[in-house]
Amino acid sequence: MYFLYEISQKFIYFVLNLLAKYIHSRKFKKFCEARTSHYFIKKIKETEKNYLEIKKNNPNDFPVYWFHVASAGEMEQAIPIARKLNLKMNAHFLLTYFSPSAEPFIKNFPALISAFSLPIDARKNYKIIFTTLPILKIFFVRYDIWPALLHVSKNLNIEINLLSASAIKTKKGILGILSKIWNRKFYKKFSNIFAVTKEDVEYFTQFLPLDRVHYSGDAKWSRAYERASNCNKRKIEKDFSIFYSYCLAQKEILNKKNIVFGSPHKEEDKIALDCGLIKDKVFLIYVPHDVTEESNKKIIDNFRLMGTNAILYSELISIIKNTVKKDETFILEELYELNTHDIKRQTLFNNNSKECNIPTHVLSGYEVVVFDKIGYLAEIYEVSDIAIIGGGFDGQIHNVLEAAAHGVPVLIGNLFVRASEAKELVNKGGAISFQNTNELFQFLTQWVSLEEQGTDSPHPTRILAQSKSKSLELFRSIPDTSEIVLQALFNEP
């Protein structure tokens, strides 16, 4: 069976590599290149060199564990657990991933020996990896389960664990059905399964005894809360600190509401464009999922066609740097050292102060900033009043936890049931769901109008305040996934 499975994979990637010659997509080409033998051998040599260097500098032995994730979202779930394992066990890690979208976040992973994209799921590749590193445990995250890797690991008696396991698949149609049948075949090979919900625990006990299936919650919650608690680290980065201060000034000086559009799809994009009707009262931070030059130009052009002045983040930072004069009382180099909410008291943007560094035409000249840099969305949410998350109207909703962890009210469409965290937030009052885009936009209009008269329903300001309170309450009540994993695997308190 595995022979035919591996042959089919080779054929698929052969076809993909042919297509890569004709498809003008940098991401697709990069995906295909990461499946080549040349790439794999190069990474294995780097891994061996790194391991020997780490071992040389560590007087004591340390365990080596392997984490495999599909993409950025699963990596975020793995990071808190890896950090705890490193802290308690001095563990070091091999990290592999499927999608190139994970690469910007590799820098956040602790104690790495090496990180690279896996080639095709072939047994001979894993035998090379196991010969290179003395791996003791393997951790899969969520759904991305590689059968050949499971097979080789089982034969070598290497412990295999599944983190953030859920019975809910996000895929639809025949592919979703086939995927579910395929995965069920391999669940019984895991040493431990750490399930997201109590319902998931019940589901996975079909394949493993109850003492090997653990209710651990979703590590994605812990990671989101951790990032929200540590976002000050981002604000010491010069360019981002300038942007952060600029957004605060929109709120504190121009009295605008900051709205973040996180990875908007078609429907959320329509809402963002409609916000041109209330642009004197709101400032939009538009964070697209695709940050290619072509895509960004289209977004900017669409806003401008609606009469809304939009600018790229990179262009805004350049304008501010070129505008600030070095001979003024406050110079730009000092700006990025300010990382508290007291920025407004520094009168950085107060036009009545001699310390003003940014002219009025720069501060009030833009209604929208399109953020053309990857990896900052979680930190951007801190400066927002509300967050509108993409995919809620078409069933492909993006991460809602990054905003909610800051206590920022989350506004989404009504097709969220496949995302367990979004469902949990809505059910507990931490997120607000809308039936259609018109309903959501009317909510925004009423919110910024500050008019409560003539309505039987609570004013949006009060609804949003309740949402914030419920979000933070929910985050404080979630299980500590890292501690549960540690306890289950090592009996560590």
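The values are calculated or read from the model by the stated rules, or taken from the named source; none is laboratory data. Note that the structure is a prediction, hence the values are computed from the model and not measured. Quick reminder, even Gly has a Cβ in these numbers, built from the backbone with ideal geometry, and neighbours come from all protein chains shown.
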> Any idea how many residues of the stretch 7-25 are under 26 Å from the mean Cα position of the chain (by Cα) and touching a residue at least 12 places away in the same chain (Cβ under 8 Å)?
Replying inline: 0
>> Can you pull out every residue in the stretch 384-425 that is farther than 19 Å from residue 259 by Cα and charged (D, E, K, R)?
In response: 394, 418, 421, 423, 424
> Which ranges mark the helices (runs of 4 or more DSSP H) fully within the stretch 1-81 that have 3 or more residues being more than 23 Å from residue 144 (Cβ to Cβ) and either modelled with pLDDT under 85 or not aliphatic (A, V, I, L, M) (or both)?
Replying inline: 37-57
>> I'd like the full set of residues that are buried (at least 23 other Cβ atoms within 10 Å of the Cβ) and over 20 Å from the mean Cα position of the chain (by Cα), limited to the stretch 64-88.
In response: 65, 66, 85
>> Among the residues that make up the stretch 24-31, is at least one of them farther than 30 Å from residue 400 by Cα and surrounded by fewer than 19 Cβ atoms within 10 Å (Cβ to Cβ)?
In response: yes
>> For the structure I just gave you, tell me whether residue 475 is part of a helix (DSSP H, G or I) and on the phi < 0 side of the Ramachandran plot.
In response: yes
>> Quick check on residue 253: is it more than 19 Å from residue 403 (Cα to Cα) and touching a strand residue (DSSP E or B) at 6+ places or on another chain (Cβ under 8 Å)?
In response: no
> Of (1) farther than 27 Å from residue 10 by Cβ; (2) in contact with a Pro (Cβ under 9 Å, 6 or more places away or on another chain); (3) surrounded by fewer than 18 Cβ atoms within 10 Å (Cβ to Cβ), residue 53 satisfies all except one. Which?
Replying inline: (2)
> of a type outside the set (S, T, N, Q) and touching a Cys at 6+ places or on another chain (Cβ under 6 Å): does that describe residue 16?
Replying inline: yes
> Does residue 120 satisfy the criteria of being under 28 Å from residue 289 (Cβ atoms) and touching a residue at least 60 places away in the same chain (Cβ under 8 Å)?
Replying inline: yes
